[in-house]
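Asks: Here it is, the structure, as C-alpha cells.
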Amino acid sequence: MVQALVELDENTNRVLNIVKAKFGLKDKSEAIKTIIQYYIETEAEPELKPEFMERINKAEKGKFIKVGNFAKHYGVE
C-alpha cells in the first residue's frame, strides 16, 4: 500500500470530516477512498455488459469476405 503526505486546505479538511462522519469511517484515508470510489462509479467509463461482449466475440468468429472496392462490389457509385 502506498502512503502519501498531503496538505489540505480548511474546506477540504472539513469535507473529509463530514464524509468520515456520514459513512462511519475510521479515518480520513477511508474518506478519501470513499470519495474516489464514488468518482470511479459516476464519472469513469462503465464496463461493458457481458451479453454485449458475448455478441462481439460471436461476431468476431463469423464469416467475412474481403472487398477491395466497396462501391464496385456493391454497385454503389
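Asks: Give just the number: which of (1) farther than 30 Å from residue 3 by Cβ; (2) in a loop (DSSP other than H, G, I, E, B) does residue 24 not satisfy?
Replies: In the conditions (1) farther than 30 Å from residue 3 by Cβ; (2) in a loop (DSSP other than H, G, I, E, B), residue 24 misses (1) alone.
Asks: Give me the pairs: first residue in the stretch 4-29 and loosely packed, with under 12 Cβ neighbours inside 10 Å, second residue not in a loop (DSSP other than H, G, I, E, B), beta-carbon distance under 6 Å, and six or more apart or on different chains, which are they?
Replies: 23/34
Asks: Mind checking which pairs have a first residue in the stretch 49-77 that is without any contact (Cβ under 8 Å) to a residue 60 or more places away in the chain and a second that is part of a loop (DSSP other than H, G, I, E, B) and surrounded by 10 or more Cβ atoms within 10 Å (Cβ to Cβ), Cβ under 9 Å, 6 or more apart or different chains?
Replies: 73/67; 74/67
Asks: Answer with yes or no whether residue 76 is of a type in the set (A, V, I, L, M, F, W, C), surrounded by 10 or more Cβ atoms within 10 Å (Cβ to Cβ) and touching a helix residue (DSSP H, G or I) at 6+ places or on another chain (Cβ under 8 Å).
Replies: In short, no.
Asks: Which members of the stretch 46-67 meet the condition of being surrounded by fewer than 10 Cβ atoms within 10 Å (Cβ to Cβ) and either among the polar types (S, T, N, Q) or not in a helix (DSSP H, G or I) (or both)?
Replies: 46, 47, 48, 49, 57, 61, 62, 63, 64, 65, 66
None of the figures in this text is laboratory data; all of them are computed from the coordinates on show. Because the structure is a prediction, the values reported are computed rather than measured. Using ideal geometry, Cβ is built from the backbone for each residue, glycine included, and neighbour counts are taken over all protein chains shown.
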